Amino acid sequence: MQDNLSALAGSGKLHHLWGRMPMQKRHQLVLMAFLAIFICYMDRVAISVAIIPMVETYGWDLSTQGLVLSSFFIGYLLTQVVGGKLADRYGGKVVLGFGVLIWSLFTLVAPPAAALGITVLIVARILMGMGEAVTFPAIYALYARWIPVKERSRSAGFSNSGIPLGTVFALLATPVIVASWGWEWVFYLFGGVGFIWCAIWYFLIASSPRKQPGISQAELDLIAADTIADRPAVATPWRALMTNMPVWAVIVAHFCNNWWFYVLLAWLPTFVTKGLGVDYAAVGYFAMMPHIALFLCINLSGVVADRLIGGGMTITRVRKLMMLIGFGGSISALLLVGQAQDAVMAITIMTIGSALGAFAVSGFFVNHMDIAPEHAGTLMGITNTAGTIPGIIGVLVSGWILDVTGSWALVFQVAAGVAAFGLIFYLIFGSGERQFDEVTPAVAV
């Protein structure tokens, strides 16, 4: 069965992202990481569209809707660092597999939870968030051990492009499923997909390159020459991590990037329907355009960044250039979109902004493996914890602004101001240089 699954993954047409060579084992890992992130965001985004018919069923006001949408991020906040630490110590395979299993289960039980009351639904959403929280820390712990430096931008870019593609799929499929079978089936169907992924993951991917069946000696040598050693985890230098300014540059950038991204993710369908007057049946087609642009340009940015690094540009300069393009484009779009007078203009602005914003993935979002490869999972847990806070505060604040002022422009202007601060901070303190020397393996703490 494992050989069949390997052959299926290896027959894909995605190998051009890494060159002309056929898909190798590390590329199969990247493909499975992409699918995990795709399912992660498909499950996460579904409720931002399904909540519209859910409101008709349960009569929630905007503040209650904001609470339902943001409760996921409470759970997502709780297990980021723990997940990263466990992935660095025990390996990303088991941590990622367990996370997908947990979040899929609590996606599946959302309809009966909602029927039992708002409190039960919030608890289910929190538990779902706890499962999804380990996704990126586990993947980064795997990448630090599997992916050579000159492939990391495009590998992270490709797997992270599952974010917009999963989002687009949810935006398109959810209204169709709601119209055909009711909103409950969105959660039943989406939740079930995760269990299928877990079965494939178990048979296809090993915990480390050395243990991967069928891997060639040439690929093992390539991986070993340009990644951290596959050995027991080292003790986490917590004080050094938390007093290092390049680390703080990534933390701040992650927070500020996610403010505008989560506001867009949670409120864009409502903005399109309520703010721009688009019919509910067409909401997915309007809301998907920024995410399609994000998908395409995340991959483009990864290829560009890796080629610049391969051509001799310093990693620091490449990361800052990507940030300037990414955050600069996002800020401009956020300032303009609130002034748009119709849906076509608004979505065009957000699509261009998302296309440029995608370049930030090859800036701060891959920077963890540059500055702390031995602790990439833990560091991603730390920065993604900071990046989760806007999912709670930003979404709630946006709902409050809408309740009090009714101004969508103000929601987007606040997000632009937060992003501007993050860009300036990163340009001053960001770095692509390794910040922590390798140390002797020790019992992780």
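Values for this structure:
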quantity	calculated
Val120/Thr316 FRET efficiency (R0 60 Å; Cβ-Cβ; nearest 0.05)	0.80
Theoretical gain in end-to-end length, Arg239 to Arg307 [0.36 nm per residue, Cα-Cα removed]	21.0 nm
Residues of the chain: accessible area per residue with a 1.4 Å probe, Å²	37
Burial order of peptide ranges 289-295, 67-73 (average beta-carbon count within 10 Å, highest first)	67-73, 289-295
Sequence-separation-based contact order of the range 240-353, relative, with Cα cut under 8 Å and 6+ spacing, percent	26
Rounded percent of accessible protein surface that carbon and sulfur make up, the chain, 1.4 Å probe	69
Cut-off 20 Å, label 7 Å out along Cα→Cβ of Asp342, residues of the range 288-310 by amide N	288-290
Accessible-area order (highest first, 1.4 angstrom probe) of the listed residues Glu184, Glu219	Glu184, Glu219
Relative contact order for the chain, counting Cα pairs under 8 Å that sit 6 or more residues apart, in percent	25
The range 287-299 - phi-based ³J(HN,Hα) in whole Hz, Karplus 6.51/-1.76/1.60, Gly and Pro as x	6, 7, 4, x, 6, 5, 4, 4, 4, 5, 7, 4, 5
Among Gly422, Gly311, Gly329, residue whose mean-square fluctuation peaks in a GNM of the chain (springs only between Cα atoms under 10 Å)	Gly311
Candidates Val303, Val178, Val100: whichever shows maximal mean-square fluctuation once the chain is modelled as a Gaussian network with Cα springs under 10 Å	Val178
Over the range 78-224, equivalent-ellipsoid semi-axes from the Cα gyration tensor in Å	33, 17, 13
Hydrodynamic radius by Kirkwood, which averages 1/r over all alpha carbon pairs of the chain, in angstrom	21.8
Between the range 70-120 and the range 181-226, the alpha-carbon center distance in angstrom	18
Lysine pair count for the chain [Cα-Cα under 28 Å; pairs on different chains or 8 or more apart]	16
Cut-off 14 Å between beta-carbons: net charge of the residues surrounding Phe187, Lys and Arg +1, Asp and Glu -1	0
Rounded to whole Hz, the Karplus (6.51, -1.76, 1.60) HN-Hα couplings of the range 368-376, x for glycine and proline	4, 6, 6, 8, 8, x, 5, 10, 4
Using alpha carbons only: equivalent-ellipsoid semi-axes of the range 143-258, gyration tensor based, whole Å	35, 24, 14
For the range 125-132, 3J(HN,Hα) per residue [Karplus equation, 6.51 cos²θ - 1.76 cosθ + 1.60, θ = phi - 60°, Hz, x = Gly/Pro]	5, 4, 5, 4, x, 5, x, 5
Within the range 168-195, backbone nitrogen closer than 18 Å to the virtual label 7 Å beyond the Cα of Ile292 toward Cβ	168-176
Helix-only [θ]222 nm of the chain, DSSP H runs n ≥ 4, -39500 (n - 2.57) each, per residue, nearest 500	-25000 deg cm²/dmol
Ranked packing of 137-145, 239-247, 254-262, most packed first, by mean Cβ within 10 Å	137-145, 254-262, 239-247
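The values are calculated or read from the model by the stated rules, or taken from the named source; none is laboratory data. Fair warning: this is a prediction, and the values are worked out from it, not measured in the lab. Counting neighbours? That spans all protein chains shown, and the Cβs are built from the backbone with ideal geometry, glycine included. Note: accessible area is taken over every heavy atom of the protein model, side chains too, but ligands, DNA and RNA are not part of it. Shrake-Rupley method; radii C 1.70, N 1.55, O 1.52, S 1.80 Å.
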